[in-house]
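Note sheet for the following structure.
The values are calculated or read from the model by the stated rules, or taken from the named source; none is laboratory data. What you see is a predicted model; the values in this text were computed from it and never measured. Here Cβ is always computed from backbone atoms with ideal geometry, including for glycine, and neighbour counts include all displayed protein chains. Heads up: the accessible areas ignore ligands, DNA and RNA and are worked out on the full protein's heavy atoms, side chains in. Shrake-Rupley method; radii C 1.70, N 1.55, O 1.52, S 1.80 Å.
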Amino acid sequence: MDDAFDTLKQWVDESERIAFFGGAGVSTESGIPDFRGVDGLYRQKYAYPPETILSREFFEHNPEEFYRFYREKILILDAEPNPAHRKLAEWEAEGRLNGVVTQNIDGLHQKAGSKRVFELHGSIHRNFCTRCGKSYSAEWVASTNGVPKCACGGIVKPDVVLYGESLDDAVMRGAMHAIAHADLLIVGGTSLSVYPAAGLIDWYAGSRLVLVNRTPTPRDGRANLILRDPIGQVFQRL
């Protein structure tokens, strides 16, 4: 790790416009399970595959089962930011971070203090009535039983991007801008296998693309530097 880390440390110290693109691996060190790891949600047994449960069609036709899975496996509210989240917030406070682009929906970047966060797949902390649009907190959803209903009678839906739904255009544009104008792009904790999110790294035109991931990705050949260490461990040393 040392030679690669020393290079990363030098690049970070020299950079003024850092962009970070992260996936589930950023939050696993905060106790939130990923989807594709050894113990990830996709390797566990349920009546339906997680991909099916976490789809718009399933939400609309079987909201009771959706919310049973969602409360048990997705709605995690007691997790705390780890060194990766905190270091990124520190760089933003110093004015050296263009933005954080994340596939995660846990809100840990904001909890650490980051403000320029582009949440590609939404957030568990925003919930809205599908009938009248009224907003509800994640804590409120967690306190309900069965399918949460608004005062108007409408079903409350998490503001997360389910399978079968499109990513938000404004969030995508912000993410593209942050990456395209970066002088250093750090990609961490993601398999880079979920599109269109993974394609965002193609907006980076520089020569300092760093991948921090414990396993190989389909885009390793695009990277200028690769570290195979836990991302929290890497960021704790930066």
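List of remarks:
- Considering the range 218-229, and only residues there that are closer than 20 Å to I18 by Cβ and under 19 Å from the mean Cα position of the chain (by Cα), the residue that is surrounded by the fewest Cβ atoms within 10 Å (Cβ to Cβ) turns out to be D229.
- Residue in the range 173-183 that is at pLDDT 95 or above, out of contact with any Ser or Thr (no Cβ under 7 Å at 6 or more places or on another chain) and among the acidic types (D, E) present: no
- Selected residue (only one of S123, S114 is part of a loop (DSSP other than H, G, I, E, B) and either surrounded by 13 or more Cβ atoms within 10 Å (Cβ to Cβ) or modelled with pLDDT under 95 (or both)): S114
- Taking the range 92-111 as the range and being part of a helix (DSSP H, G or I) and either closer than 13 Å to I186 by Cα or basic (K, R) (or both) as the test, only K111 passes.
- Against the test of being more than 30 Å from E16 (Cβ to Cβ), open to solvent by 50 Å² or more (accessible area, probe 1.4 Å) and of a type in the set (A, V, I, L, M), the options A151, A138, A93, A79 yield a single qualifying residue, A151.
- Residue tally, condition modelled with pLDDT of 95 or more and either in a strand (DSSP E or B) or surrounded by 16 or more Cβ atoms within 10 Å (Cβ to Cβ) (or both), over the range 191-212: 10
- In the range 126-167, the residues that are closer than 26 Å to G199 by Cβ and touching a residue at least 12 places away in the same chain (Cβ under 8 Å): R126, P158, D159, V160, V161, L162, Y163, G164, E165, L167
- Residue ID - most open to solvent (accessible area, probe 1.4 Å), chosen from residues in the range 43-76 that are acidic (D, E) and closer than 13 Å to Y163 by Cβ: E57
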